[in-house]
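Beneath this line is the structure, given in structure tokens, with notes to follow.
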Amino acid sequence: MSYIYMQKLANTPKIGTQKIRGVSPSEITKVENKLNIKFPLAYKEFLLLAGEYTGGLQLFDGHSTLDMLSHDEVLGYLKETLKGNKLNITRPFWVISEYGNFDQFTFFYLDENTENPNVWGVTYRGDDEYYIYPLNKTFSEYISSTIDKSIHFSKYGY
């Protein structure tokens, strides 16, 4: 199968000993309908390849699978974390992966009107201060660089 945005991921199904596993198109549609959102094509391609298990991809160590990120309890926890940390993201967005109970996470906005949105990060600055910053990469560029870093980590351990 050919992909527009995730061909590099399709060509790298295994990093080290860990193999990615995707979800079905119907699982993606089910989540979109449940949450009344539409994922961009680049992310849908990612989900088809690695939405069930991200394998050796060095994303954040927390939640990164479609099942977990769309789980009501996880979404509720994200909402409470944002509110508790006074982090006001007013535009619709989707978390790509998170670390430390959403102390850090990557995301993209769902309203960019593009099939390959820009990726943003949220991190804890200390003194109960969080901030949003651009990664200056589209989703496909982000995954491509993550693949490169993950292969390096698999070979050298750093």
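The values are calculated or read from the model by the stated rules, or taken from the named source; none is laboratory data. Quick caveat: nothing in here was measured; it's all calculated off a predicted structure. Positions of Cβ are generated from backbone atoms using ideal geometry, with glycine treated the same way; all protein chains shown enter the neighbour counts.
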Next on the checklist: Need the failing condition index for Ser154 against (1) under 23 Å from Ile4 (Cβ atoms); (2) in contact with a strand residue (DSSP E or B) (Cβ under 6 Å, 6 or more places away or on another chain); (3) in contact (Cβ under 8 Å) with a residue 60 or more places away in the chain, just the number.
Outcome noted: (1)
Next on the checklist: When you check Phe39 against the structure, is it farther than 26 Å from Tyr158 by Cβ and either touching a helix residue (DSSP H, G or I) at 6+ places or on another chain (Cβ under 7 Å) or in a loop (DSSP other than H, G, I, E, B) (or both), yes or no?
Outcome noted: yes
Checklist outcome for this item: If we keep only residues of segment 89-127 that are among the β-branched types (Val, Ile, Thr) and closer than 15 Å to Ser140 by Cβ, then the residue surrounded by the fewest Cβ atoms within 10 Å (Cβ to Cβ) is Thr114
Item to check | Selection from segment 42-70 of residues that are surrounded by fewer than 18 Cβ atoms within 10 Å (Cβ to Cβ) and in a helix (DSSP H, G or I) | outcome: Asp67, Met68
Checklist entry - What pairs can you find where one residue is in segment 22-48 and under 10 Å from Met6 (Cβ atoms) and of a type in the set (A, V, I, L, M), the other is assigned to a loop (DSSP other than H, G, I, E, B) and modelled with pLDDT of 95 or more, and their Cβ atoms are less than 6 Å apart, with a gap of 6+ or different chains? => result Leu41/Glu115; Ala42/Tyr5; Ala42/Glu115; Ala42/Asn116; Leu47/Val23; Leu48/Gly22
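This table checks each residue for (1) within 17 Å of the chain's Cα centre (by Cα); (2) modelled with pLDDT of 95 or more; (3) more than 26 Å from Asp128 (Cβ to Cβ).
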| residue | (1), (2), (3) |
| --- | --- |
| Ser26 | no, yes, yes |
| Tyr43 | yes, yes, yes |
| Val74 | yes, no, no |
| Val95 | yes, no, no |
Checklist entry - How about segment 98-118: which of its residues are among the charged types (D, E, K, R) and part of a strand (DSSP E or B)? => result Glu98
